[in-house]
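The values are calculated or read from the model by the stated rules, or taken from the named source; none is laboratory data. Please read all numbers here as calculations on a predicted model, not as lab measurements. Positions of Cβ are backbone-derived with ideal geometry, glycine not excepted, and every protein chain shown enters the neighbour counts.
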Amino acid sequence: MGISVVLAEDNVLLRDGMARLVEAQGDLELVGTCGSLPELLDLVSDRVPDVVVTDIRMPPSGTDEGIRAAAALRADHPSVGVVVLSQYANPTYALDLLAGGSEGRAYLLKERVSDVDELVEAIRTVAEGGSVIDAKVVEALVTATSKRTSSDLERLTPRETEILREMATGKSNAAIAETLVLSERAVEKHTNSIFSKLGLSEERSVNRRVKAVLLYLAGSDG
């Protein structure tokens, strides 16, 4: 069986176009489509797909339904990956999307829908628990964060880079400590050093963790 996919998009023409795109892939299986947040949550509960591809703005409010859907699915259906499509290269949306962890999450600009390979590859990556952040979104984040460049990542020690790589998979400090056979206190110390070197020491706790991951993904080509 292929990767089961649910599409959520209130624009009928775009939804139909994406449906045809998914159905044309031999390893993807379209199991449902909808056009609003309530419909999406009901559909996921009924079908429990591998991946949801959702517009960021849908009824009922037309604001951030895609982000709210991802948060709800993280709590109720943690195995379901989410690809959020947006017209806006807004790093705040990406930060909100990854606040609960980067595993199984992607944020792409809608212009990428025309690039079949990129959208399909994002679906496959998310289904495997990976993460994809549109390069333009990362660029906007880096620009907003004092025009930071990859040279900041080069300041990290090998151990710090290793920990940041594990952080990018959505792991907590405790999980990282277990994976790398370190004490949780040691991981916390390295994490604080990472934040400092990336200039994130003054950020809110959740935001600096997510921003560090986004900077890592940018520096490692996603």
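General observations
- Selection within region 135-166 - at pLDDT 85 or above and in contact with a helix residue (DSSP H, G or I) (Cβ under 9 Å, 6 or more places away or on another chain): R155, L156, T157, R159, E160, T161, E162, I163, L164, R165, E166
- Of all the numbered requirements in (1) closer than 20 Å to V83 by Cβ; (2) modelled with pLDDT of 80 or more; (3) surrounded by fewer than 14 Cβ atoms within 10 Å (Cβ to Cβ), V181 misses one, and that requirement is (1).
- Close pairs from region 161-172: first among the hydroxyl-bearing types (S, T, Y), partner part of a loop (DSSP other than H, G, I, E, B) and at pLDDT below 90, Cβ under 6 Å, at least 6 apart: T169/E103
- Within region 96-107, if we keep just the residues that are crowded, with 23+ Cβ neighbours inside 10 Å and over 13 Å from A168 (Cα atoms), the residue that is modelled with the highest pLDDT turns out to be Y107.
Residues are listed down the side, and each one gets a yes or a no for (1) within 19 Å of Y107 (Cβ to Cβ); (2) among the charged types (D, E, K, R):
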residue: D10; (1), (2): yes, yes
residue: E23; (1), (2): no, yes
residue: L43; (1), (2): no, no
residue: G62; (1), (2): yes, no
residue: I67; (1), (2): yes, no
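- Residue count for region 130-142 satisfying the condition of being outside any helix (DSSP H, G or I) and in contact with a strand residue (DSSP E or B) (Cβ under 7 Å, 6 or more places away or on another chain): 4.
- Among residues of region 95-116 being small (G, A, S) and out of contact with any Lys or Arg (no Cβ under 9 Å at 6 or more places or on another chain), the one that is nearest to V52 (Cα to Cα) is A106.
- Qualifying residues in region 24-62 (those that are in contact with a strand residue (DSSP E or B) (Cβ under 7 Å, 6 or more places away or on another chain) and of a type in the set (S, T, N, Q)) - the one farthest from V82 (Cα to Cα): T33
- Output for region 120-133, where each listed residue is of a type outside the set (G, A, S) and surrounded by 23 or more Cβ atoms within 10 Å (Cβ to Cβ): I123, V126, I133
- Those residues of region 1-30 which are loosely packed, with under 12 Cβ neighbours inside 10 Å and either closer than 20 Å to G62 by Cβ or touching a Phe, Trp or Tyr at 6+ places or on another chain (Cβ under 9 Å) (or both), in sequence order: V12, L13
- Residues of region 30-61 that turn out to be within 20 Å of P78 (Cα to Cα) and among the small types (G, A, S), as a count: 2
- Residue in region 23-36 that is under 29 Å from L215 (Cα atoms) and over 14 Å from the mean Cα position of the chain (by Cα) present: no
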